Structures are given as structure tokens and as C-alpha cells.
Amino acid sequence: MFTGWKPMENLPDDSLALTNNDSSQWSVGTATSIRARFFVLNERLTIGEIIDSSVVGTFVTLGTIETIDTERGWQYLSCKYHNKKVMPTTNVDADDRPLFFCNTCDKEHSDVISRFKLIANVNDDSGEANFLLFDANAQAIVRHSAAELYDENEDEDFLPEAVSDLFGKRVLFEISVDADNIKGKSSQYVVRLATDDREMVEEFADLPPKSNPVLMLESADDISSGSVGFTATPLSKRKSEQDDDSCLEDQHSVNKKLSQKKLKG
Ligand SMILES: [Zn+2]
């Protein structure tokens, strides 16, 4: 039974392989990293447990998107060169295109693009919470870019059909609980990764209930300094298994050269 969790940052350099209860081999690699993040690296919490969490960290949960908060819009206009929001001006360029001021570029220009900023109200049997999805994660489940859906002539709170299609959808979320969430200053949890991959959603839904979630939260400090719940296998022991099976599409196989750093951010 896999009962431990540990922040990714604390993974020792040489423990590239992780073993879970059914002896499947998991690792931190590019193709397997999404799966590892949902099934190995992060502690699973219900939404009720996320709301009650007094521990800052990254957790995974499965929830159903009930609705999208449209009051603050679903997208924002950003600079094309980075993600920062731009402010409209009354000026236009030589081609009569509207100019926007970008704080980061520190100038007005017209190279702007719509990006997602979705506040999804997500629930499960234990509770409901607001999850904040920025561009890439929203795009992963909407399957369109914000730019494709954005129509400057529509009202701010008009929700494109591709976005409202999310209602009722079950999605796996990796979210952060930060200090403001715990203090009650923020009721929004920032989504770090989202997927509606059916296979993973169903597998996650079928996981047995955790035996003692309270104990797990209380022992988080101990876990972070040790290796509770993990069995590290030297990469060399497993290398031969992978030689003719390093296909990226095989979720159970593993890249030979693994980088935990790819998981960050
Ligand atoms: Zn800019």
C-alpha cells in the first residue's frame, strides 16, 4: 500500500525509480511524468481535505467541474511575448490597430493575444472549491486555445461553448495549497496540472480509499526528511528491462535518462 508522499524537490538524485504497491515501476521522466504526478509523487486528497488542509503543498484530486465563474471573465489579453496582462489604450498604430500598454515591455504595442484564466468551481462527494486554471492547463482540457475562442465583440462574461462544455466533466487536478489558502485569505487553489485523460481519470477514481489521511498529514514533516513510502531502486538494476521498451507511449516504461527538474514549474 502506497501511503507516503514527498515533495518532488526532496527526491534524492539517485532514486530514479519508485515502486508502488502493485510493483509497477514508475519514474520521473517526460512521458511518464504526468502519470507519476497523479499516481506517485503527490498525495491524493479529496476536495474536502484540500479545503481543510493545514499543510502547504501540492496535492492531486479528482473532481467534476460544476461551473466556470464568468464574473471575472474567462480570458485576459496578454502580451504575445510573455504571459503578462496588457492594458488597453485609446491609441492605435499606423495600421489603425489598437495599442495596448505592456508593463513588462514598458511600451505600447499591438502584439497581444488572449489567454485563459478560468476559475472552475469543482466538486466531489466531500466538498467544492474554486480552482484557478491558467492558459496551458485550461487549454489542455478545453482543447482550444483562448485565442481561437476569443471574440472581441462578445461580452466579457460570454462563455464560448468549448468552455461551457467543461461543465460536468471529471478532471484530474494537481493543485497547490498555499499559505493564503490555509489562512483563509484565498479560496482559490492554483492548478499546476490538469488532465481529463479518460484512462487516468478512471484509474484514479478506482483507487481504494486511503487508510488514514489524518496520520499522513501529521507525518508529512517526517516523510520529507526520510523515505517513508518509497522504495528506491537503482536505475542500473532496471536498465535492461527498458532497453527494448523505451517507447514514450508506454506509460509504464521509463526514459533512461531521467530529470526530476522537468517536473518543476
Ligand atoms: Zn510585453
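Every read-out reported here was derived from the displayed coordinates using simple, explicitly stated rules and does not represent laboratory data. For clarity, every value in this text was computed on a predicted model and none was experimentally measured. Backbone-built Cβ (ideal geometry, glycine too); neighbour counts: all protein chains shown.
Listing for the model above:
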{"read-out": "Charge dipole (debye, nearest 20) of region 30-134; +1 at Cβ of Lys and Arg, -1 at Cβ of Asp and Glu", "value": "440"}
{"read-out": "Vicinal HN-Hα couplings computed from phi for region 132-147 (Karplus, 6.51 cos²θ - 1.76 cosθ + 1.60; Hz; Gly/Pro x)", "value": "9, 10, 8, 3, 5, 6, 5, 4, 5, 9, 7, 6, 9, 7, 4, 4"}
{"read-out": "J(HN,Hα) series, region 49-57, from Karplus relation 6.51 cos²θ - 1.76 cosθ + 1.60, nearest Hz, glycine and proline x", "value": "5, 5, 4, 7, 4, 10, 10, 6, x"}
{"read-out": "Residues whose placed amide H lies under 5 Å from that of residue 193, excluding near-sequence neighbours", "value": "174"}
{"read-out": "Placed amide H near residue 84: partners under 5 Å, 5+ positions off or other chain", "value": "79"}
{"read-out": "Kirkwood Rh, Cα atoms: Rg over Rh of region 47-196", "value": "1.03"}
{"read-out": "Extension reserve of the residue 148-residue 123 stretch, reckoned as 0.36 nm per residue once the Cα distance is removed", "value": "6.2 nm"}
{"read-out": "5 angstrom amide H check on residue 68, placed H, neighbours 5+ away", "value": "121"}
{"read-out": "Per-residue ³J(HN,Hα) for region 61-75, Karplus 6.51 cos²θ - 1.76 cosθ + 1.60, θ = phi - 60°, Hz, x for Gly and Pro", "value": "8, 10, x, 9, 6, 7, 7, 10, 6, 9, 4, 9, x, 10, 8"}
